[in-house]
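Below you'll find the structure, written out as structure tokens, and then a few comments.
The values are calculated or read from the model by the stated rules, or taken from the named source; none is laboratory data. It should be emphasised that the depicted structure is a prediction, and the values quoted were computed from it without experimental measurement. Counting neighbours? That spans all protein chains shown, and the Cβs are built from the backbone with ideal geometry, glycine included. Ligands, DNA and RNA are excluded from the accessible area calculation, which covers all protein heavy atoms including side chains. Shrake-Rupley method; radii C 1.70, N 1.55, O 1.52, S 1.80 Å.
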Amino acid sequence: MPEGSAMSTKISGLFHYPVKGLSAQALSSVRLVSGEGFPLDRVYGLARHDSGYDPVDYKPLPKTRFIVLVKEERLAALSTFVDRDTRRLEIRVQGQLVLQEELETEVGRNNVSRFFSTMFDLNGGQEPVVAVGGENRFTDISVHSKAMMNAISLVNLNSVRDLGARTNAEIDPLRFRANLYFDGLDAFQELEMLGREIQVGPARLRIFRRTRRCAATDVDPVTAERNMTIPRSLMQHFGHADMGVYAEVLEGGVVEIGSPISIG
């Protein structure tokens, strides 16, 4: 790709996931900061009782230590929202508010734990713990390094469309739970851009890793049904299970829906 091309490429969606495994929250704009991750992204998690989570001496944990979609598709039936200022978690089922608790209080976290214990029939010492990341993030690749803990995930919508065309299915991009969705780049071109820098509005990012997909993407984010085999389909049609890339923020700035993306 020539230097400075792809000026028609632009941001189509911005999302964060305050609680790992729970709903995407759409944003119209976000301020990225150099060396930091996506704001309010995966800063809480539902750690399993035997996860090894230590709130005093936190160490990154693999996603299997949390209650997440890869094993618990019923999570997708919950519509959740976390207020960025108050850190109040709201959970709705079919539009009905069923829980409203403060994640920064012990009482609130205990009530959230009880809610999920009931939902998944976890008792007798198996209750989950509401993990608080603080400066840490519960991203899937946080186990590799602190830098990767602050990685931002990007997905090319043309890549999603290409997979959908090959499988004769309409694939909801939210299956991939990315922070930044963009349009205007050829399908899967992003996978060949490791080490390249991109300008996203005023911010500058460096792509450093492809995103290997797991069975969590098989879950429909609307129906909560495990009705596709995304990793297997990627392997069958492309010879790999990758969809999207991770990037680090080199220079910050406010980016928004429609912000142009250029390739350095």
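Report the GluC sites (Glu not before Pro) located in the range 179-264 that are in a DSSP loop and have at most 13 other Cβ atoms inside 10 Å of their Cβ, or state none. Could you put the intermediate results ahead of the total?
Numbers: sites: 190, 192, 197, 225, 248, 251, 256; in loops: 225.
Of the GluC sites (Glu not before Pro), the ones in loops of the range 179-264 whose Cβ has at most 13 other Cβ atoms within 10 Å are 225.
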Original post:
If each of residue 197 and residue 71 carries a label point 7 Å out from its Cα toward its Cβ, how far apart are those two points in nm?
Top reply: 4.2 nm
**OP:** Please give the residues of the range 227-262, grouped as numeric ranges, whose backbone N is less than 20 Å from a label point set 7 Å along the Cα-to-Cβ vector of residue 169.
**Re:** 227-245
Original post:
When Lys and Arg each count +1 and Asp and Glu each count -1, what net charge do the other residues less than 11 Å away from residue 66, Cβ to Cβ, add up to?
Top reply: +4
Subject >> Neighbourhood net charge (10 Å Cβ-Cβ; Lys/Arg +1, Asp/Glu -1) for residue 234 >> reply: +3
Original post:
Counting Lys and Arg as +1 and Asp and Glu as -1, what is the net charge of the other residues whose Cβ lies under 13 Å from the Cβ of residue 98?
Top reply: 0
Original post:
With springs only between Cα atoms under 10 Å, which of 159, 145, 51 fluctuates most in a Gaussian network model of the chain?
Top reply: 145
Original post:
aspartates and glutamates within cross-link reach of residue 59: Cα-Cα under 15 Å, excluding same-chain residues under 8 positions apart?
Top reply: 50, 135, 140
**OP:** Over the range 133-262, calculate the relative contact order: mean separation of alpha carbon pairs under 8 Å at least 6 apart, over the residue count, as a percent.
**Re:** 28 percent
Subject >> Angle between the chain longest axis and helix 106-119 axis [Cα atoms, degrees, rounded to 10] >> reply: 90 degrees
**OP:** On the full set of protein chains, 1.4 Å probe, figure out the accessible area of residue 118 and give it in Å² to the nearest 10.
**Re:** 110 Å²
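At 1.4 Å probe size, with the rest of the protein present, what percent of the exposed accessible area of the chain is carbon and sulfur atoms?
Its accessible area is 47 percent carbon and sulfur atoms.
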Subject >> Gaussian network model of the chain, springs between alpha carbon atoms under 10 Å - residue of 194, 32, 205 with greatest fluctuation >> reply: 194
Original post:
How far apart, in nm, are the 7 Å Cα→Cβ label points at residue 126 and residue 85?
Top reply: 4.1 nm
**OP:** For the range 1-78, run through the GluC sites (Glu not before Pro) and keep only the ones in DSSP coil with at most 11 other Cβ atoms within 10 Å of their Cβ.
**Re:** 3
Original post:
Computed FRET efficiency, Cβ-Cβ of residue 93 and residue 236, R0 45 Å: what is it to the nearest 0.05?
Top reply: 0.80
**OP:** Provide the per residue accessible area, probe 1.4 Å, for the range 131-264, rounded to a whole number of square angstrom.
**Re:** 42 Å²
Subject >> Ranking by accessible area, most exposed first, for 50, 162 with a 1.4 Å probe >> reply: 50, 162
**OP:** Return the FRET efficiency for the residue pair residue 12, residue 58: r is the Cβ-Cβ distance, R0 is 41 Å, and the value is rounded to the nearest 0.05.
**Re:** 0.75
**OP:** Please grab the % of Cα pairs in the range 17-58 that end up more than 13 Å from each other.
**Re:** 64 percent
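Quote the relative contact order of the chain in percent (integer), defining contacts as alpha-carbon pairs under 8 Å separated by 6+ residues.
28 percent
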**OP:** Could you order 106, 170 by accessible surface area, starting with the largest, using a probe radius of 1.4 Å?
**Re:** 170, 106
Subject >> Exposure rank, largest accessible area first [29, 153; 1.4 Å] >> reply: 29, 153
**OP:** Would you please classify the overall shape of the range 102-141 from the alpha carbon gyration tensor, given that a ≥ b ≥ c denote the square roots of the eigenvalues, rounded means a/c under 1.5, and beyond that prolate means a/b larger than b/c while oblate covers the rest?
**Re:** oblate
**OP:** Kindly identify the range 1-129 as rounded, prolate or oblate by the Cα gyration tensor criterion: order the square roots of the eigenvalues as a ≥ b ≥ c, call it rounded if a/c is under 1.5, otherwise compare a/b with b/c, prolate if a/b is larger, else oblate.
**Re:** prolate
**OP:** Divide by every residue of the chain the summed helix terms, -39500 (n - 2.57) for each DSSP H run of at least 4, and state the resulting mean residue ellipticity at 222 nm, rounded to the nearest 500 deg cm²/dmol.
**Re:** -4000 deg cm²/dmol
Original post:
Which shape class applies to the range 162-241: rounded if a/c is under 1.5, otherwise prolate when a/b exceeds b/c and oblate if not, where a ≥ b ≥ c are the square roots of the Cα gyration tensor eigenvalues?
Top reply: prolate
